[in-house]
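Engineer: Take this structure first; my questions come after.
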Amino acid sequence: MTAPWHVSDALAHRYASGAAPETDAWSLEKHVESCGPCASRVSAAVRAGRAGPALASVRAELLGSLGHAPETTTTRGHAAPARPGGTATTRGRAGPARPSGPSVAHPVGRGARIWWAAGPALRGSWVVAVVLVLGGAFALAHGAGFRGARSWLLAVSPLLPLAGVAVSYGRHADPLYEITASTPSGGLRLLLTRTAAVLAVCVPLLTAGGALLPPVAGFPGAAAWLLPGLALTLAALALGSFVGCRAAAATLGGGWLLAVAGPLLGPAGAAGVARYFAGSAVQGAWAAAALVCAALLALRRRSFDHLETR
């Protein structure tokens, strides 16, 4: 057993003056996320340094724009540690200072922070698209008497998580991307959080919606899309580590559409699409593909520490 590590006064002052080695700065920035006393120590050192006036000015302007009083911290609260000049540097990049630690008194509530972490997808048009897809399937089934509505819904369902991932992360989708990507909790960790939020919406809505539609002879059940959807989502994340989430989602989504459009529009109809979902061998192949993509994503996890340039 080793004694718990904490930030010393000397290290806090070296960090505040910009003299701390990069490895020490990394350790300090990660540590203050969960240690209130150390975060307070570092915050005091930074505010006492040359970055103090700039931080105070930025904090006052931010709180003023949110309609709060200039000072909202409690006796346990503390400001975020920041690199000299008013910015916090993580992973070798400069970015705006970020509040750290569970004892920070945020000017917004916990519900709002969770809503922000869920990502732009759950605040934009993507949820509307999911509802429209479900509404269209029900209109075809119960309004127009189209018996193949369930097969169409299951064919389209794996695309919706891809669309949610595409609009959840990256410089093209998230106006706060450069800020969030420069924090210790950014990168793959935040991307997975937002992907989980996308799946939390897709899985129950699409599965329940498919179960309520009339069954199609020879077509699998409403949950048959789950493994293909998971595999395609993980594949989009893994490919996104190379080309960005938006390009990866567009590439895989376009490939999936080409694969299912022919059978759906052809004479085979639902039976032609069923081969992508039905049978233990097919589902096993999707599960194996999901594991491979997850392993590749784990190997490529550091690629999300760098800002997108495309």
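Quick note: the coordinates plus some simple rules give every number you see, no bench work behind them. Source: prediction; values computed, not measured. Cβ coordinates were reconstructed from backbone atoms using ideal geometry, including for glycine residues, and neighbour counts include every protein chain displayed.
Engineer: Under 19 Å from a label point 7 Å along Cα→Cβ of A285: give me every residue in region 238-273 with its amide N that close.
Structural biologist: 252-264, 268-273
Engineer: Starting from the Cα of A294, step 7 Å along the direction of its Cβ; do the same at E178; then give the gap between the two resulting points in nm.
Structural biologist: Using points 7 Å along Cα→Cβ, the separation is 3.6 nm.
Engineer: Multiplying the sequence separation of A144 and R301 by 0.36 nm and subtracting their Cα-Cα distance, what value in nm do you get? Each step should come with its number before you reach the end.
Structural biologist: Working: separation 157, 0.36 × 157 = 56.52 nm, distance 4.69 nm.
Stretched out fully, the A144 to R301 stretch lengthens by 51.8 nm.
Engineer: From the Cα trace of region 117-305, what convex hull volume per residue do you get, rounded to a whole Å³?
Structural biologist: 101
Engineer: When the gyration tensor of region 212-301 is built from Cα positions, what are the square roots of 5 times its three eigenvalues, in whole Å, from largest to smallest?
Structural biologist: 27, 15, 10
Engineer: Nearest 0.05, what FRET efficiency do A200 and R275 give at R0 = 25 Å with Cβ-Cβ as r? Don't jump to the answer; show the numbers that get you there.
Structural biologist: On the way: r = 29 Å, r/R0 = 1.16.
E(calc), rounded to 0.05, equals 0.30.
Engineer: So, by mean Cβ neighbours within 10 angstrom, what's the order for 16-25, 223-232 with the highest one leading?
Structural biologist: 223-232, 16-25
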